[in-house]
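Notes to accompany the following structure.
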Amino acid sequence: MQTVLERLGLADENPGVFCGEWRGSGAKIDKISPIDVRKLATVRSASDDDYKKAIVRAQEAFLKWRTTPGPVRGETVRRLGNALRELKHELGELITLETGKIIAEGEGEVQEMIDVCDFAVGQSRMLYGLTIQSERPSHRLMEQWHPRGVVAVITAFNFPVAVWSWNAALAAVCGDATVWKPSEKTPLTAIAVTKICERVCRETGADPAIFTLLIGDRRTVGQKLAEDARIPLVSATGSVNMGLNVAKTVHGRLGRTIMELGGNNALIVAPSADIDMATQSIFFGAVGTAGQRCTSTRRVIVHESVASKVRRKLLAAYKSLAIGNPLDRKTVMGPLIDRNAVDLVQHSIQRLKDEGGEVLYGGERLTVPGGCYMKPCLAAAKPDYEIVQHETFGPLLYLLTYRDFDEAIAIHNNVPQGLTSSIFTNDVREAEKFLSVVGSDCGIANVNTGTSGAEIGGAFGGEKNTGGGRESGSDCWKSYMRRQTNTINFSSELPLAQGIQFGGGDDGSATA
């Protein structure tokens, strides 16, 4: 462990603020690993003065960075991707130490950062606008995109660095500076990645404050970012309640937001489905990252004709699950992030029982030092249970049944959240209907693949209580820029749009 920390430039005590220089004069945070409750290191969080200094420096960095050509900005991001490649194993291990996710997922998260950097480098040469046919003679109508400004990025513990990269890599090639507020539960990976950013920026001549870091609590950092009129865009990942508070504040000053909030993701298993494929996808979706992904499978809606078969296969998979130290590559599920997370799952299981649901397997705490481990829970429930409408952020999976396809879609859509969804079917009509306007109401809808594990090339985000934001691929880069419409008149006349004649001249021209 110590070797990993040292290779990533981490000490026993670390400043948690970076704005071209390292500082931090606020409260201390002791980071305890959920694996064995060992203290990993201490972080000095931001004070009010640190916040003020950081935002001023981020603004200064933006004013220089915005005039740097897009492909030159892309070169800094390209080198960042290469630097992450060099430290993929160490960063992956640190993610595992901080979050408890298995080492394969920790390294996978670093690979996601690398992939996003590659994507952003290509995008740096394609920040394109449009030329539009003008209705007026000798006029050109066009649009172009300009850097937006300082972007705040608020991330959650479950993907401590990947979600930051979705925002920061694209924002950087778009000419923005970012101010990153990571979860206080995962401060060390944020510091390690920011140190890599600092080194790369100094090598390329970019102002390192384009990647500013502010570790601190809601009062000292989070609320200030939402209120700060110098920050035109806030991208926030977390709970629905957090998102509502941030959105209310940011929109109250007419700022913009990208929200990635709750998910209550469902997977439909139709009679024609490949049951082996379906159960494999359900299993990974439900227990991957100990059920602490926003894309985790929470509900399985299975046709009653194949329900017993799906249940039997899932029970066999759950019983064979290897739970333990996530640094061991044979482990499939590690601990939850902390004891409170386990408590919340236990509370949901009790609510399920109170409403008449049945625990089919698991749900028990495991007597492992630290108390952050539990068996994943597989349960039979009904769609109208109140607890089923709620997102429990942990390894709790509900099995629901349906008779006809319209009923399955109705069950699927009848929750407040709308992030990701899936159907397993070999019936092309069912697949197409699921993807149609009368099908899944989620931002992501998949056929014959699970709810979890989205690629970076597509826009990521959801509808309803998920917040409506989109990050990562497709044309999400546009969120980090401001659109400007331009009219260029290269004639000696001043015709008005819509053919309007304004003025008192005989020919309709204006007179003074």
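The values are calculated or read from the model by the stated rules, or taken from the named source; none is laboratory data. Keep in mind the model is a prediction, meaning the values are calculated, not measured. Here the Cβ positions follow ideal geometry from the backbone for every residue, glycine too, while neighbour counts run over all protein chains shown. In case anyone asks, the SASA skips ligands and DNA or RNA and just uses the protein heavy atoms, side chains included. Shrake-Rupley method; radii C 1.70, N 1.55, O 1.52, S 1.80 Å.
Quick look at the values:
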item	result
Mean ellipticity per residue at 222 nm, deg cm²/dmol - from DSSP H runs of n ≥ 4 across the chain, formula -39500 (n - 2.57)	-11500 deg cm²/dmol
Peptides ranked, highest mean first, by Cβ atoms within 10 Å: ranges 474-487, 123-136, 187-200, 406-419	187-200, 406-419, 474-487, 123-136
DSSP-assigned coil residues among GluC sites (Glu not before Pro) in the range 334-384, each with at most 15 further Cβ atoms within 10 Å	355, 364
Degrees, to the nearest 10: 70-86 long Cα axis against longest axis of the chain	20
Dipole of the chain, positive direction: furthest Cα of 243, 102, 448, with charges on the beta-carbon	102
Probe 1.4 Å, protein heavy atoms only - accessible area per residue of the chain in square angstrom	41
Karplus (6.51, -1.76, 1.60) ³J(HN,Hα), θ = phi - 60°, over the range 7-14, in Hz, Gly and Pro reported as x	5, 8, x, 9, 10, 5, 10, 10
With Cα atoms, 0 to 90° folded angle of helix 162-173 axis to the chain main axis	10
Nearest-ten-degree value, helix 187-204 long axis tilted from longest Cα axis of the chain	40
Whole-Hz ³J(HN,Hα) from phi, Karplus 6.51 cos²θ - 1.76 cosθ + 1.60, for the range 92-101, glycine and proline x	x, 5, 5, 4, 4, 4, 7, 9, x, 6
Cβ-placed point charges (K, R +1; D, E -1), dipole of the range 100-164 about Cα centre in debye, nearest 20	480
GluC sites (Glu not before Pro) within the range 1-30: DSSP coil, no more than 14 neighbouring Cβ in 10 Å	21
Two-site label geometry, residue 52 and residue 428: point separation in nm, points 7 Å out along Cα→Cβ	6.7
Residue-level accessible surface for residue 22, protein heavy atoms, 1.4 Å, Å²	60
Rounded percent of accessible protein surface that carbon and sulfur make up, the range 265-421, 1.4 Å probe	49
For peptides 203-214, 429-440, sequence by mean Cβ density within 10 Å, most packed first	203-214, 429-440
Solvent-accessible surface ranking, highest first, for 72, 287 at 1.4 angstrom	72, 287
Greater than 30 Å apart at Cα, pairs in 39/313; 52/195; 64/181; 185/382	39/313; 185/382
Residues residue 339 and residue 483, FRET efficiency given R0 of 56 Å [Cβ-Cβ distance, rounded to 0.05]	0.75
Whole-percent carbon and sulfur share, accessible surface of the range 65-147, 1.4 Å	50
For the chain, size of Cβ-based charge dipole, Lys and Arg +1, Asp and Glu -1, in debye	840
In Hz, Karplus ³J(HN,Hα) per residue of the range 436-447 (6.51, -1.76, 1.60; θ = phi - 60°; x = Gly, Pro)	7, 5, 9, x, 4, 9, 8, x, 10, 9, 10, 10
FRET E, pair residue 498, residue 42, Förster distance 56 Å, beta-carbon r, rounded to 0.05	0.30
Assigned charges on the beta-carbon of Lys, Arg, Asp, Glu; the range 67-130 dipole about Cα centre (debye)	440
The chain: C-alpha gyration tensor shape, a/c 1.5 cut-off, then a/b vs b/c	oblate
DSSP bridge orientation in the chain - percent antiparallel, rounded to nearest 5	40
